[in-house]
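To start, the structure under review is shown below, and the notes come after it.
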Amino acid sequence: MPELPEVTTIVFGLNKKVKGLTIKDVWTDLPTGRQTGLRKQDIRSLKNPEYYKQFKKEVIGKKILKSERVGKNVLTHLSGNKTLLFHMKMTGHLLYGKWKQEKENNKLIWKPIKEGTPLSDPYNKFLHIIFYLSNGYELAFSDVRKFGKVVLLDKGKEFESKDLKHLGPDPMKENFSFTDFKKALMKKKDGAIKQILMTQEIISGIGNIYSDEILWQSGINPKERLKNISEQDFKNIFKATRNILDRSIKMGGDSMSDFRNIEGERGKYQNCHLVYRQTGKVCKKKGCKGVILRTKVGGRSAHFCETHQALKK
Ligand SMILES: [Zn+2]
């Protein structure tokens, strides 16, 4: 799932490629064409034909203004006081290009007009929503598993929406201090650190990959209870959080899974993993001869070094 650095990369791309353009039309293959049988979470989604109809009416003719990241969400502000919210969920990502529809094995599929570019990457072919833009290009939402979210909000009221109102502070905000960080985490002092770092209501933007890397860097076991973590260790976790997220942003995010930037290209952070999915390997920390193990924390996999990340008690 795209985390803070990947979503930041998407926002950079949007501000570079689509800012200032007007939405001419929208296409989707998501609506089922019937209202009955919609799951509750799909009522306010493009999977609901009624919602889609209204959505389309409201976005056509709107100019794309600035995009920004909030937690793992992309907010794209539009003229007319509207804001598009994208959440990538498991496998969603946005792409900029031009496509044509072709028949393959009796199924209509989208193919990039220009072959041999990163847009031809197999992870970029699951287009389910397309925005047609005033310069002849398209902004498309590719999503293998179709869990991604695209909704329209009223500008200025975004943070009252159920999409954003629960979100905790952002670790990459300039004025976010160590005190804010510790205060946010200590709301769950009996919780396991890895699980708390990934709880969007506590702190927003961090998921499975970066929580593993942050804890490896700080020498803290993913199952360590917050109340057993010392002041110095908290400082190390805070520093590692900012450094690792910043480094990944500079590398264009992590493409170990489906993530691609809006030009369809892979990020490079997957080449720098020191612990995530390194099970069985000797720890890369200088002087440490431990082995990387895999465990479960709160239903999610966690990777850690048995030696320099041993539990304190
Ligand atoms: Zn180690």
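The values are calculated or read from the model by the stated rules, or taken from the named source; none is laboratory data. Bear in mind that the values here come from a model prediction, so they are computed numbers and not experimental data. Counting neighbours? That spans all protein chains shown, and the Cβs are built from the backbone with ideal geometry, glycine included. Side chains are part of the model used for accessible areas, which takes the heavy atoms of the whole protein and leaves out ligands, DNA and RNA. Shrake-Rupley method; radii C 1.70, N 1.55, O 1.52, S 1.80 Å.
A few comments on the model shown:
- Test: SER45 is of a type in the set (Gly, Ala, Ser), crowded, with 16+ Cβ neighbours inside 10 Å, within 22 Å of the chain's Cα centre (by Cα) and more than 26 Å from MET251 (Cβ to Cβ): yes
- Checking LYS111, LYS107 one by one, the residue that is closer than 20 Å to PHE259 by Cα, charged (D, E, K, R), surrounded by fewer than 19 Cβ atoms within 10 Å (Cβ to Cβ) and more than 24 Å from the chain's Cα centre (by Cα) is LYS111 and no other.
- Within segment 169-198, the set of residues being out of contact with any Gly (no Cβ under 6 Å at 6 or more places or on another chain), buried (at least 18 other Cβ atoms within 10 Å of the Cβ) and in a helix (DSSP H, G or I) comprises PHE181, LEU185, ILE193, LYS194, ILE196, LEU197.
- Close pairs (8 angstrom Cβ cut-off, 6 or more residues apart or separate chains): more than 21 Å from LEU167 (Cα to Cα) and part of a loop (DSSP other than H, G, I, E, B) in segment 199-223, of a type in the set (Val, Ile, Thr) and within 12 Å of the ligand (Cβ to nearest atom) anywhere: none
- A single entry from ASN236, ASN243, ASN271 fulfils the requirement of being over 23 Å from SER177 (Cβ atoms) and more than 14 Å from the ligand (Cβ to nearest atom): ASN271.
- Hey, PHE259 open to solvent by less than 30 Å² (accessible area, probe 1.4 Å), in contact with a strand residue (DSSP E or B) (Cβ under 9 Å, 6 or more places away or on another chain) and modelled with pLDDT under 95 or not: yes
- Unique match (being in the same structural domain as SER45 (by TED's automatic domain parsing), within 29 Å of LYS173 (Cα to Cα) and not charged (D, E, K, R)) among LEU119, LEU84: LEU84
- Once segment 114-147 is narrowed to residues that are open to solvent by less than 20 Å² (accessible area, probe 1.4 Å) and small (Gly, Ala, Ser), the residue that is farthest from GLN54 (Cα to Cα) is SER142.
- Applying the criterion of being open to solvent by less than 40 Å² (accessible area, probe 1.4 Å) and within 11 Å of the ligand (Cβ to nearest atom) to the residues of segment 275-287, the residue that is nearest to GLY207 (Cα to Cα) is VAL275.
- Residue in segment 288-297 that is within 14 Å of the ligand (Cβ to nearest atom), within 22 Å of ILE206 (Cα to Cα), crowded, with 20+ Cβ neighbours inside 10 Å and in contact (Cβ under 8 Å) with a residue 24 or more places away in the chain present: no
- Of residues in segment 228-256 being of a type in the set (Ser, Thr, Tyr) and surrounded by 15 or more Cβ atoms within 10 Å (Cβ to Cβ), the one nearest to PRO5 (Cα to Cα): SER248
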